[in-house]
Amino acid sequence: MPDAGVYIPPAQMYQELRSLSDGLTRVETKLDGIAQGLTELSKDVADHETRLRALERGRWPLPSLAAVVAVGSLGVTVWQAAGR
């Protein structure tokens, strides 16, 4: 016995197609919003990276300066101790 199959009227097919199209449009809109957010986030990360690098460049002399002062103090102490 042959299978009779299923009949889907054209109006129902059209409704389903419209529903799928509307859903796809919503997904595309959300993806565009996510892409825009990622672009802005990328710019923020680059800005923060630039700021951090500037802070790090301004801070590197402090440990070096502390080491020079410590060596100088040690030298003065040794010189005073040797002189007395």
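All of the numbers you see were taken from the coordinates with simple rules; none came from a lab. Note that the structure is predicted; figures quoted are calculated from it, not measured. Note that each Cβ is placed from the backbone with ideal geometry, even for glycine, and that neighbours are counted across all protein chains shown.
Mind checking the dipole of the chain: about its Cα centre, +1 per Lys or Arg Cβ, -1 per Asp or Glu Cβ, Debye to the nearest 20?
Its charge dipole is roughly 880 debye.
In deg cm²/dmol, rounded to 500, what helix-only [θ] at 222 nm does the chain give when every DSSP H run of at least 4 residues adds -39500 (n - 2.57) and the total is split over its residues?
-32000 deg cm²/dmol
According to the square roots a ≥ b ≥ c of the eigenvalues of the Cα gyration tensor, what is the shape class of the chain, taking rounded for a/c under 1.5, prolate for a/b larger than b/c otherwise, and oblate for the remainder?
prolate
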